Amino acid sequence: MQIRQEVPLAPLTTFKVGGPARYFVEARSEADVCAAVAEARNRGWPLFVLGGGSNLVISDAGWPGMVLKIALTGISERREGPRTLFDAAAGEDWDGFVAHTVAQDCAGIECLSGIPGTVGGTPVQNVGAYGQEVSETITSVRVLDTTTGNTRELENADSGFAYRSSIFNARERGRYIVLRVSFGLRPEGAPRIAYADLKNYFAGRSGPPTLAETREAVRAIRLSKAMLIVPGDDDCRSAGSFFKNPALTREAFEQLQSHNGPIPNFPARDGMVKVAAAWLVEHAGFSKGMSRGAAGISRRHALAIVNRGGATAADIIALKDEIQQRVLDSFGVQLHPEPVFVGFDQQP
Ligand SMILES: Cc1cc2nc3c(=O)[nH]c(=O)nc-3n(C[C@H](O)[C@H](O)[C@H](O)COP(=O)(O)OP(=O)(O)OC[C@H]3O[C@@H](n4cnc5c(N)ncnc54)[C@H](O)[C@@H]3O)c2cc1C
């Protein structure tokens with residue numbers, strides 16, 4: 001196991017901001033992960049687990065302990081009853097994995113095409129887009145339990161999946177390192193065309209689209225919103241959507257609409273109503289393409305804070321604070337960030 005020092009983290013993230021890791025290890029096997037965790041514990045170094053760096057804001061000071069980059073690879077599949085079970089190592093590129101399942105003509109994650117990051121990052125915030133979430137198809141998650149040093153298999157029901165949340169980023173945050181994720185997909189299944197953007201994309205077409213066509217449609221829609229990573233495109237130098245869609249009680253939502261007119265919304269659990277955070281941001285006065293120095297809002301997506309080049313984490317946090325305050329003042333709604341903040345003394 002090679003321990004490197006003072007490794008810049010910004011290039012390992014999609015936001016391209018933040019300082020270095022004091023210590024840095026890249027794990028290519030489960031044995032590497034176990035050894036690195038033991039080393040960090042013995043030396044008293046705080047540990048941060050890095051996937052593809054697509055949901056992170058790293059502080060300008062960086063991380064004072066060990067950053068463990070998960071680089072485990074390998075995909076296998078087997079037929080089990082009506083499903084095909086895919087086991088994917090945590091360091092596999094997520095979109096590459098989706099492409100593989102689509103090429104095998106298996107349905108269940110095709111709408112999650114084009115999301116950056118690793119397979120191991122997907123259960124953490126229960127990644128979702130265009131009408132699908134990974135929690136619908138994850139059967140189990142193989143993890144290292146850092147409290148015991150043992151590996152275990154967590155079933156779907158043990159993982160506490162909810163909207164952009166799981167035990168991995170909530171109740172048991174920091175406890176488990178994801179080593180492998182298993183997905184149960186439907187061989188020769190039909191793609192899910194439930195989301196309005198996808199329905200519009202295929203409107204007027206005679207037959208139903210294939211899985212491959214659905215994947216390409218999702219990627220094309222994402223490209224139009226700068227939600228697909230394209231090198232050199234500063235509208236996607238981001239962590240994706242910066243704020244979660246807030247869930248309001250029906251009463252609070254109706255009151256909000258009575259003052260502001262129709263607001264895009266979706267039904268949420270327990271009779272709650274999810275309000276489009278992008279609408280709140282835009283109507284609080286933050287238009288697409290606006291800039292505050294080197295930080296700004298994507299020209300193609302009101303919910304993405306972007307680094308226009310040379311932004312610091314402090315620039316990103318200042319813009320985030322300004323947006324949250326103005327949305328609160330304008331609508332009485334508190335926006336909660338979606339990315340993970342790393343190396344800040346206090347959670348911004
Ligand atoms: C342009 C763009 C578009 C995006 N679109 C979407 C979208 O449509 N839907 C969506 O849900 N998200 C989206 N995201 C956010 C992001 O891509 C996902 O959350 C992704 O799953 C993060 O994975 P990652 O490997 O990059 O994790 P990282 O960003 O490296 O880490 C995120 C968190 O997961 C933890 N983590 C990562 N790997 C492991 C592991 N193996 N074990 C334990 N913990 C781990 C980290 O410690 C950290 O807390 C988007 C981001 C960008 C930049």
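Being more than 10 Å from the ligand (Cβ to nearest atom), closer than 23 Å to Asn307 by Cβ and either touching a residue at least 24 places away in the same chain (Cβ under 8 Å) or surrounded by fewer than 21 Cβ atoms within 10 Å (Cβ to Cβ) (or both) is true of Ala21. Applying the set (1) within 25 Å of Phe15 (Cβ to Cβ); (2) over 22 Å from the mean Cα position of the chain (by Cα) to Ala38 leaves exactly one unmet item: (1). For region 1-18, a residue qualifies if it is touching a strand residue (DSSP E or B) at 6+ places or on another chain (Cβ under 6 Å), open to solvent by less than 30 Å² (accessible area, probe 1.4 Å), closer than 24 Å to Glu92 by Cβ and not β-branched (Val, Ile, Thr), and the qualifying residues are Leu9, Phe15. Taking Arg292 as the residue in question, decide whether it is of a type in the set (D, E, K, R), touching a residue at least 40 places away in the same chain (Cβ under 8 Å) and within 24 Å of Gln324 (Cβ to Cβ). Here the answer is no, as Arg292 does not meet what is asked.
Table: residues versus (1) surrounded by fewer than 13 Cβ atoms within 10 Å (Cβ to Cβ); (2) under 27 Å from Asp105 (Cβ atoms).
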site: Phe168; (1), (2): no, no
site: Glu172; (1), (2): no, no
site: Arg180; (1), (2): no, yes
site: Gly184; (1), (2): no, yes
site: Glu188; (1), (2): yes, yes
site: Ile193; (1), (2): no, yes
site: Asp197; (1), (2): no, yes
site: Ala203; (1), (2): yes, yes
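Of the candidates Phe341, Phe286, the single residue that is among the aromatic types (Phe, Trp, Tyr), away from the ligand (no atom under 16 Å from the Cβ) and open to solvent by less than 30 Å² (accessible area, probe 1.4 Å) is Phe286.
For Arg79, the stated conditions hold: it is surrounded by fewer than 17 Cβ atoms within 10 Å (Cβ to Cβ) and either basic (Lys, Arg) or at positive phi (or both).
The values are calculated or read from the model by the stated rules, or taken from the named source; none is laboratory data. Please read these numbers as outputs of a predicted model, since none were measured by experiment. Because the Cβ atoms are built from the backbone with ideal geometry, glycine has one as well, and the counts that use them run over all protein chains shown. Surface accessibility is based on the protein's heavy atoms, side chains included, excluding ligands, DNA and RNA. Shrake-Rupley method; radii C 1.70, N 1.55, O 1.52, S 1.80 Å.
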